[in-house]
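What follows is a set of notes on a single structure, which appears directly below.
Nothing in this text is a laboratory measurement; each read-out follows from the coordinates by a stated rule. Here the structure is a predicted model, which is why all the values come from computation and not from measurement. Quick reminder, even Gly has a Cβ in these numbers, built from the backbone with ideal geometry, and neighbours come from all protein chains shown.
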Amino acid sequence: KIAAEPAELTDGFHLVIDALKLNGIDTIYGLPGIPITDLTRMAQAEGMRVIAFRHEQNAGNAAAAAGFLTQKPGICLTVSAPGFLNGLTALANATVNCFPMILISGSSEREIVDLAQGDYEEMDQLNVAKPFCKAAFRITYAHDIGIGIARAIRAAVSGRPGGVYLDLPAKLFSQTMEALAGRNSLVKVVDPAPRQLPAPDTVKRALDVIKGAKRPLILLGKGAAYAQADAEIRAFVEKSGIPYLPMSMAKGLLPDTHPQSAAAARSYVLQEADVVVLVGARLNWLLSHGKGKTWGADKGPKKFVQIDIAATEMDSNVPIDAPLVGDIGSCVSALVAGIGAGWAKPPADWLATIAERKDKNLSKMAAQLAQSPSPMNFHSALGAIREIVKQNPDAMVVNEGANTLDFARSIVDMYQPRKRLDCGTWGIMGIGMGFAVAAAVETGKPVIAIEGDSAFGFSGMEVETICRYNLPVCIVVFNNNGVYKGTDKNPSGTADPAPTVFVKDSRYDLMMEAFGGKGVTARTPQELTRAMEEAIASGRPTLINAVIDETAGTESGRITNLNPAKAATKK
Ligand code: FYN
Ligand code: ADP
């Protein structure tokens, strides 16, 4: 008698990897540990790129940035309870920013967790995650891995993109099933983010509102950058002749040097425009909720056209006169199709006044950039970086901080779409090194991370990760000895430093040297330029400790107004 051949088996580990690969996901950002250590090893063995971090929040931020750059959900893989919670901050941030991402966490055994019997890293992760993401799922059986991952992918990228949590209990990984049945259980998601065409009457309404404008303005947000509808957006701007204002991560969608950019006349155009076309930008705090002084409340009502994939975004802060619900590519194409012969460009006096305001601000900026104080201030250091980015327009720029963020936004021009990653919708610190790693991994281009010294502290340990994977990341730390500035004193007479100051004259560059990268201290724009040129030419991980005047900088940069006033001590 001949014994039957044992059937070839697969297991939960391999089904997870195969399901991701089948859907074109080739990179995992994560941090190994119980119960997903072997998953990271096997994923690498199966040809996936596994980027292991030193803290899950940074891995999560990397996954989020990868999602923004590629339109595929970035994957963050973490261990249970504390690792999961660390990743959750990034998941929440991805959701708030509309970046597609999936946080996959190993979890402890359900029956023990649900009876609160005290498992290793016990936590009801699925329920904890729910308020912080778009959707949350748990997979209990190996044969559901295919459909579970398909569901997570579609949830992350369809409609308004965002974060998805996927809970994988430890026992799932070692479950086996026949290999053929396993293969058949996998799902390749068909058209994960279907186009959503705007209804024709909504397009007509929008065109009518725009045609009625005397002082029209287009406002491009990071949704427009995410949409990868670059040619359509350019056609809309150029054919309509309407001036445009980019939100920070929409910079470069059209080059910042474009004659129609009104970035340098921001306050003026927000106040004066009578019709505003929002393209993938929300009227949240970054846009003063669409009302008040910023929007020239005393200058008469404005009309809004809003393009967004999320219907519920309309009327969130002010009434929207012409909502255009659909994907940006389809909506903008429909508008372009309506701009035919006989389209009247915006009135010349509107364009002329914007140009005048813009020139004034540009000259003011040029004068500031022409100065070279010692020690450097934000302008002189950023002036050097501005030239480097001009010479390397395909480099990725990551930017966080308070003053370092705000000055860089207006000083460092961007020339290509999706090259700028920053603090985003929440205005958070801590995205720096996670975003920088993803920018390097996903694009292969040089990365310039412009970091406030405080901001850098949140993810600084990832310089080891950058060195380990030998990524072409050049970090410039704007070292002014503290948060906002380095001059605060402790008024109480105790020996403690003020809460806003750091160790004076810190050598952040030595952190990079510790892991084999290149560390440089730059005290002049020339030294900064030289070090950046070398970093880009060599592709070596580099950290430049840029010494900035500790008196430079203002409280909270350009958002000082958000600081609650000291009511109790007010005279
Ligand atoms: C802009 N400007 C320029 C240029 N670009 N002048 C000359 N040349 C160029 N290229 C002008 C612009 O017209 C404005 O002047 C001014 O510079 C500032 O422009 P900016 O930066 O675009 O706009 P503003 O007013 O700061 O925008 C508000 C904001 C922004 C809320 C969108 O501040 C922002 O994105 N903030 C994020 C802050 C954050 O997240 N911080 C992290 C937390 S810090 P005027 O037109 O004269 O006004 C915790 O403490
Ligand atoms: P910013 O901070 O640059 O102003 P926001 O994050 O506030 O940008 O706005 C982005 C908007 O873009 C969100 O409301 C989101 O729903 C929308 N969005 C994202 N992707 C698309 C897309 N492909 N089509 C249409 N709208 C999109």
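With r defined as the distance between the Cβ atoms of R54 and W343 and R0 fixed at 60 Å, what FRET efficiency is calculated, to the nearest 0.05?
With R0 = 60 Å, the Cβ-Cβ based efficiency is 0.65.
Working from label points 7 Å from Cα in the Cα-to-Cβ sense, the E109 to S556 distance is 5.1 nm. When both bridge partners sit in the chain, DSSP labels roughly 5% of those beta bridges antiparallel. Per-residue 3J(HN,Hα) values for the stretch 386-400, derived from phi via the Karplus relation 6.51 cos²θ - 1.76 cosθ + 1.60 with θ = phi - 60°, read 4, 5, 4, 5, 4, 6, 10, x, 8, 5, 8, 10, 10, 8, 8 Hz in sequence order (x marks Gly and Pro).
With the cut-off at 24 Å, tell me which of the pairs K364/K489; K72/K188; K21/K171; K222/K364 have Cα atoms farther apart than that.
Values: K364/K489 33 Å; K72/K188 13 Å; K21/K171 22 Å; K222/K364 28 Å.
Long pairs (Cα-Cα over 24 Å): K364/K489; K222/K364.
Stretched out straight at 0.36 nm per residue, the stretch from N184 to E8 would grow longer than its current Cα-Cα span by 62.0 nm.
Placing +1 on the Cβ of every Lys and Arg and -1 on the Cβ of every Asp and Glu, with no other charges, gives the stretch 172-246 a dipole of roughly 360 debye about its Cα centre.
Excluding same-chain residues fewer than 8 positions from K293, which lysines have a Cα within less than 19 Å of its Cα? Candidates past the 8-residue exclusion: K302, K303. Classification of the stretch 93-174 by its C-alpha gyration tensor yields an oblate form. The axis ratio a/c (a ≥ b ≥ c) is 1.5 or more, and b/c is at least a/b. For R138, the residues 5 or more places off, or on other chains, whose built amide H falls under 5 Å of its own are D167.
Evaluating 6.51 cos²θ - 1.76 cosθ + 1.60 at θ = phi - 60° for every residue in the stretch 513-522, the Karplus couplings come out as 4, 4, 10, x, x, 9, x, 9, 9, 10 Hz, glycine and proline recorded as x. When the convex hull of its Cα atoms is viewed from all sides, the stretch 169-246 shows a mean projected area of 9.7 nm². Calculated FRET efficiency, H289 to K445, Cβ-Cβ distance, R0 = 35 Å: about 0.45 to the nearest 0.05.
Using 10 Å bins from zero, what percent of all Cα-Cα pairs in the stretch 181-295 falls into each bin? The calculated distribution, bin by bin, is 12, 40, 30, 9, 6, 4, 0. Across the stretch 407-424, computed HN-Hα scalar couplings (Karplus, 6.51 cos²θ - 1.76 cosθ + 1.60, θ = phi - 60°) run 5, 5, 4, 8, 8, 8, 5, 10, 10, 9, x, 6, 9, 10, 10, 9, 4, x Hz from first to last residue, x flagging Gly and Pro. Cα centroids of the stretch 338-393 and the stretch 493-524: 33 Å apart.
Hey, quick one: spin label on S174, modelled 7 Å out along Cα-Cβ, who in the stretch 65-109 has an amide N within reach, i.e. under 14 Å? 109, by backbone N distance to the label point. Counted residue by residue at 0.36 nm each, then reduced by the alpha carbon distance between them, the extension gain from A370 to I147 reaches 74.4 nm. Other residues within the sphere of radius under 11 Å centred on the Cβ of R420, judged by their own Cβ, net out at +2 (K and R +1, D and E -1). The stretch 406-442 and the stretch 110-186 have Cα centres lying 31 Å from one another. Of all aspartates and glutamates in the structure, the ones whose alpha carbon falls short of 16 Å from that of K504, not counting any fewer than 8 places away in one chain, are D453, D488, D496, D549, E550. Placing +1 on the Cβ of every Lys and Arg and -1 on the Cβ of every Asp and Glu, with no other charges, gives the chain a dipole of roughly 1920 debye about its Cα centre.
An oblate overall shape is assigned to the stretch 368-443, the ratio a/c of its alpha-carbon gyration tensor axes (a ≥ b ≥ c) being 1.5 or greater and a/b not exceeding b/c. Under a model in which nothing but the beta-carbon of Lys, Arg (+1) and Asp, Glu (-1) is charged, the stretch 11-89 shows a dipole of about 220 debye around its Cα centre. Residues of the stretch 75-91 with the amide nitrogen closer than 19 Å to a label point 7 Å from the Cα of R41, along Cα-to-Cβ, please. Once the point is set 7 Å along Cα→Cβ of R41, 77-80 turn out to lie under 19 Å by backbone N, inside the stretch 75-91. Is the C-alpha gyration tensor of the stretch 144-191 telling us rounded, prolate or oblate? Criteria: a/c under 1.5 is rounded; beyond that, a/b larger than b/c is prolate, otherwise oblate. Note, shape of the stretch 144-191 comes out oblate. Here is how the number arises for the chain: DSSP H runs of 4 or more residues each give -39500 (n - 2.57), the sum is divided by the residue count, and the result at 222 nm is -11500 deg cm²/dmol. Relative to the current alpha-carbon distance between A514 and R266, full extension at 0.36 nm per residue lengthens the span by 85.0 nm. In µm²/s, what is D for the chain at 37 °C and 0.692 mPa s, where D = kT/(6 pi eta Rh) by Stokes-Einstein and Rh is the Kirkwood radius from Cα pairs? It diffuses with D of about 130 µm²/s by this estimate.
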